[in-house]
1. Please find, among B:40, B:33, B:84, B:72, the residue that is of a type outside the set (Ser, Thr, Tyr), within 25 Å of residue B:143 (Cα to Cα) and outside any strand (DSSP E or B).
2. From the list B:94, B:111, which residue is at the interface with chain A (Cβ under 10 Å from one of its Cβ atoms) and either surrounded by 17 or more Cβ atoms within 10 Å (Cβ to Cβ) or under 29 Å from residue A:110 (Cβ atoms) (or both)?
3. Among the residues of region B:87-119, how many are assigned to a helix (DSSP H, G or I) and more than 23 Å from residue B:205 (Cβ to Cβ)?
4. Taking the options B:142, B:170, name whichever one is more than 24 Å from residue B:34 (Cβ to Cβ) and either surrounded by fewer than 21 Cβ atoms within 10 Å (Cβ to Cβ) or in contact with a His (Cβ under 8 Å, 6 or more places away or on another chain) (or both).
5. Looking at region B:81-99 only, could you name the residues that are more than 19 Å from the chain's Cα centre (by Cα) and of a type outside the set (D, E, K, R)?
6. Of the residues that sit in region B:173-190 and are without any contact (Cβ under 8 Å) to a residue 24 or more places away in the chain and farther than 28 Å from residue B:59 by Cβ, which one is surrounded by the most Cβ atoms within 10 Å (Cβ to Cβ)?
7. Which condition number does residue A:127 fail, the rest of (1) buried (at least 23 other Cβ atoms within 10 Å of the Cβ); (2) of a type in the set (S, T, N, Q); (3) over 10 Å from the mean Cα position of the chain (by Cα) being met?
8. Would you mind finding the one in B:164, B:140 that is closer than 17 Å to residue B:48 by Cα and either acidic (Asp, Glu) or within 14 Å of chain A (Cβ to nearest Cβ) (or both)?
Amino acid sequence: MFDKSKKTSSIEKSQKVESTPPPAQRPATPSGQTTTIGPSIKLNGELSGDEDLLIQGEVEGNIHLKEHNLTVGEQGRIKANAFARTITVRGELTGDLTGAEKVTITASGRVRGNIIAPKVILEEGASFKGSIDMDAKAEAPALKAAPKSQSA
Amino acid sequence: MALFRRSGATPPASAAAAGSEELGVPAFHHLVEVLEKTPERKYEILDLGPASGNHVAFFSRFRCRFHIGSLEETLPEWLQKDEEAPPPEPPRLLPLAEGVRLDLILCWELLNYLDEYGLARLADHLQSRTAPGAWLHAFVHTKATMPAAPGRFRLLAPDRMEWVRDDRETVPAPRYPRRTLERLMPGLTVRQSRLLRNGLQEYLFQSP
């Protein structure tokens, strides 16, 4: 699923990576293919993939989903820069977010970092400290720079 | 709950502070008109208040990078203390990315919750990060008391805001006069000052 060749990745506690999360947790995706990193999983390294991803565990590193959706669930704790088509944060995230279409921080989301996206939604009650680049004319250079060779 | 107490003063109890009211904000309206005159320009805007989707949505009409400072989280650390330990450095309390030069700073009513020491520290920190001609917008309480914690401002239109006060407690307001503000924030000149009907003084400052 994930190409972790760039950095040494470690799963500190082994657990099956679920491919079919409960319907209530599944983010919307055209393909319907979503992978979940469960709450007891800890990952260090580089994540990339060609399907949507829901993170309920702990991740440190970088996340590249290119044309897919990333959701940080309520239990998710992330220290990473993330690049995806859409990013939704319901848990904790420290790092920079680049969304090709949209970044949403829900009421339960807590984010420290910088956001680049043409559309940014902060729900009432969301905690955010950092900057939001709302220049619609600006491209998402970091997203474009994401390595094409990395795939699921 | 009271976020801030001034010099150990006992705040008078009040049940009239909570609620919301709509405000006409002529100085803010003028500011929006100024920004709209140069739509091609990309602005660096610092919102010192907490993260607000309403503010983000409002300023998305401009090409801008919108910084959220959440100053209310660190307010006590800006104030003068008797302790020997030095207070945290302003860049730690309000970090801004290297190279950022701010064009607009939105203070809302947060200046009222800083003592003169804290206000001068904040102004000094911001001044080192502002672009020439930068604007600073703020509300200052002119009545004897103010809500014990800062409220929230919802932008309804360029000339209208809703002031939402969650705190029913009140504390004495510093009622900073214009001269004091200009002394504590050297380099900033008052461009507009309007007394709103609810007793808030709306200020628009500009740096040279």
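1. B:72
2. Matching residue, one of B:94, B:111: B:94.
3. 1
4. Working: B:170 fails: either surrounded by fewer than 21 Cβ atoms within 10 Å (Cβ to Cβ) or in contact with a His (Cβ under 8 Å, 6 or more places away or on another chain) (or both).
When all the criteria are applied, what remains is B:142.
5. Matches in region B:81-99: B:85, B:86, B:87, B:88, B:97, B:99.
6. B:183
7. Evaluating residue A:127 over (1) buried (at least 23 other Cβ atoms within 10 Å of the Cβ); (2) of a type in the set (S, T, N, Q); (3) over 10 Å from the mean Cα position of the chain (by Cα) leaves (1) as the failure.
8. After ruling out the rest, the residue left standing is B:164.
Each value in this text was obtained by applying a stated rule to the coordinates, not by laboratory testing. Worth saying up front: this structure is predicted, and the values here are computed from it rather than measured. Cβ atoms come from the backbone with ideal geometry, glycine included; neighbour counts cover every protein chain shown.
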